[in-house]
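Student: My questions all concern the structure below.
The values are calculated or read from the model by the stated rules, or taken from the named source; none is laboratory data. This is a predicted model, so every value here is computed, not measured. Don't worry about glycine lacking a Cβ; one is built from the backbone with ideal geometry, like all the others, and counts go over all protein chains shown.
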Amino acid sequence: MSCVETIQAYAFRSLGFGERLLPRGEYTLCEHFTLIGSGLIWNVYFGALALMTGFFLAVALAVGKSSPNPMFRKPAEWFIFVFRGSPLFIQFFFAYACFLSLKGVSGFFDPFTSAWLGALIVLFCNTAAYSGEIFYGALLSIPKGDIEAADAYGMTGWNRFRRITFPTMLRLAWPAYTNEAIFLFHATTLVFFSGFPAWRQQGDALYYASYFADKTFNPFIPYPILAFYFILLTLVIISLFGAVNRRLNRHLPQERRQRFRLRPNLIR
Amino acid sequence: MFSYCTDPSTLEGLSWLSCYLTTGKHVNLYISVFVVLTLLAITAPTALVFGFGAASAARSKFLPLRWFGKGYTSIVRGVPDIAFFLFFVIALDQAFEWMRHKVKCPDWDQPIRQGIDFVVCDAAKLPLSTSPQWVHETYGFFLAVLTFSIVFGAFAANVLYGAMRAVPRAQIETAEAYGMTHRQAFWRILVPQMWVYALPGLSNLWMVLIKSTPLLFLLGVEDIVYWAKELGGTKTARFTDYPHPNWHVEYFFALLVFYLCFTKVSEVVLDRVMTRLTKGQATAAGEAQRKAAA
């Protein structure tokens with residue numbers, strides 16, 4: 001099979017399109033690249049959706065945690081503590097077990113036991129907790145003068161939050177939030193190793209990489225390819241978030257802008 | 001375990017539970033908690049040593065060494081850590097076997113990689129196929145510890161490298177003004193002062209390390225996740241005296257609580273250590289402490 005044919009057959013293998021059977025015997029480099037790249041679709045799917053939906057819960061959690069009312073503060077604190085204090089791996093296992101037993105109760109929970117929804121929910125809660133803590137930290141470090149100026153203009157409540165607090169919080173939190181996004185994408189590789197079944201061998205990039213490594217007993221080809229893809233993905237995230245960061249900071253003089261620094265200390 | 005446990009089918013309620021939780025397999029589960037703790041106890045100092053070595057290498061004046069240090073510290077930046085875990089376990093295993101193969105069977109003429117097989121002579125197998133089960137398990141655990149140390153060494157190197165740069169430049173300049181050599185200034189001035197800058201990062205790393213211990217399961221070690229999975233599955237009366245339906249939810253909930261408690265306790269202890277270490281330091285936190293006391 002030529003490389004073009006391989007790409008045609010396997011480029012969307014992880015979604016169930018194209019060839020059913022995985023390649024056998026001697027694997028070509030092209031097959032490695034195509035299948036692992038095909039698996040990357042899942043990583044992007046999980047990461048992007050969890051990030052987008054988790055953002056809203058994260059803001060709510062941050063506001064809740066900084067609220068003086070314990071009715072809002074306590075649940076937000078507990079949510080953040082539970083999801084940040086326990087390993088993501090165990091969260092996946094626990095959620096999968098829960099969904100599996102709920103499935104017995106009602107057919108409504110059927111889709112929850114498959115990765116596309118069940119794992120997404122776990123990742124959504126997880127990233128909401130981590131980002132919520134980041135946003136909470138940013139809320140605490142909003143310059144006092146900004147709030148006072150808002151008060152002086154007579155802004156209160158929702159108006160003040162929407163125009164002053166929220167944009168400043170986002171601006172301050174953005175570099176750390178970029179990090180969180182990168183490591184969320186890394187965390188998506190855990191999904192198919194933690195209970196959630198890869199239905200018809202439709203897995204993510206790491207699933208295929210470890211499939212190749214298992215079959216060929218040679219880790220030196222699939223994992224560097226996986227690394228290549230993830231470095232590419234990381235660069236894309238950094239450039240996307242960098243563009244947003246420039247927009248958030250555009251009203252500030254050059255030297256006061258927040259720079260992004262990659263801080264690689266966030267496995268979950 | 002207890003005397004009344006001889007006939008489990010007659011037991012009810014709490015006494016059933018007390019017997020159930022003390023069966024041999026559950027004892028294995030409790031032992032695997034110590035496996036996790038052992039892993040932490042070995043990995044943390046080893047990773048710190050690796051990290052220290054790499055951070056000092058990254059500052060070296062010798063170019064290849066600096067490349068090595070920088071390369072090692074940056075491996076963790078763009079790639080998921082779990083990929084490293086899966087990679088290093090096989091790669092290290094093969095590296096060891098390859099080295100032993102070169103030493104023990106010099107007259108072996110066939111290639112080692114035959115298509116999709118990795119073939120070394122019998123004497124070079126690790127562990128030897130004749131060795132008892134516990135050797136296999138210990139070897140697997142050893143590989144896991146080494147893998148954890150390499151990956152977390154890279155994380156620690158990042159933290160320590162930053163901490164070394166955070167020590168005020170004037171301190172080193174003063175040391176040089178006193179006529180200390182580069183090496184003396186490093187060991188006598190830089191290293192003692194860098195810890196207070198490194199500690200927030202290192203304590204964060206400790207939390208991350210705790211939370212990554214379940215990954216041992218992926219490396220083939222029989223850790224708590226393995227036993228929770230094993231024990232929580234449906235048990236029928238034919239194979240066990242303690243039949244029960246699928247209890248995965250309960251078991252994983254217990255693991256969740258275990259990890260939550262573990263991280264919470266660590267957090268409290270590390271906060272205390274930090275308070276203790278910042279006492280009298282010329283940092284913002286140290287200054288705040290001084291003011292609060294006054």
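Student: For the stretch A:221-241, which residues satisfy the criterion of being among the aromatic types (F, W, Y) and within 7 Å of another protein chain (Cβ to nearest Cβ)?
Tutor: A:Y223, A:F230
Student: Please report, ordered by residue number, the helices (runs of 4 or more DSSP H) entirely within the stretch B:223-294 with at least 2 residues that are at the interface with another protein chain (Cβ under 10 Å from one of its Cβ atoms), of a type outside the set (S, T, Y) and touching a Pro at 6+ places or on another chain (Cβ under 7 Å).
Tutor: none
Student: Next question. Go over the candidates A:G39, A:G54, A:G47 one by one and state the one that is in contact with a Gly (Cβ under 9 Å, 6 or more places away or on another chain), of a type outside the set (A, V, I, L, M, F, W, C), in contact (Cβ under 8 Å) with a residue 40 or more places away in the chain and closer than 18 Å to A:A181 by Cα.
Tutor: None of the other options fit; the residue is A:G54.
Student: Given the conditions (1) closer than 19 Å to B:A57 by Cα; (2) touching a helix residue (DSSP H, G or I) at 6+ places or on another chain (Cβ under 6 Å); (3) of a type in the set (F, W, Y), and given that B:W227 satisfies all but one, which numbered condition is not satisfied?
Tutor: (1)
Student: Moving to a separate point now. Quick check on the stretch B:55-91: of everything there that is surrounded by 22 or more Cβ atoms within 10 Å (Cβ to Cβ) and over 30 Å from B:E137 (Cβ atoms), which residue is farthest from the chain's Cα centre (by Cα)?
Tutor: Checking each candidate, the answer is B:A58.
Student: Please list, ordered by first then second residue, the pairs with beta carbon atoms under 8 Å, 6 or more apart or interchain, first in the stretch B:170-184 and at pLDDT 90 or above, second in a helix (DSSP H, G or I) and of a type in the set (D, E, K, R).
Tutor: Pairs found: B:A175/B:R188; B:M180/B:R188.
Student: Being among the charged types (D, E, K, R), within 14 Å of chain A (Cβ to nearest Cβ) and over 28 Å from B:Q94 (Cβ atoms) is true for just one of B:R169, B:R188, B:R183, B:R165. Which residue is that?
Tutor: B:R165
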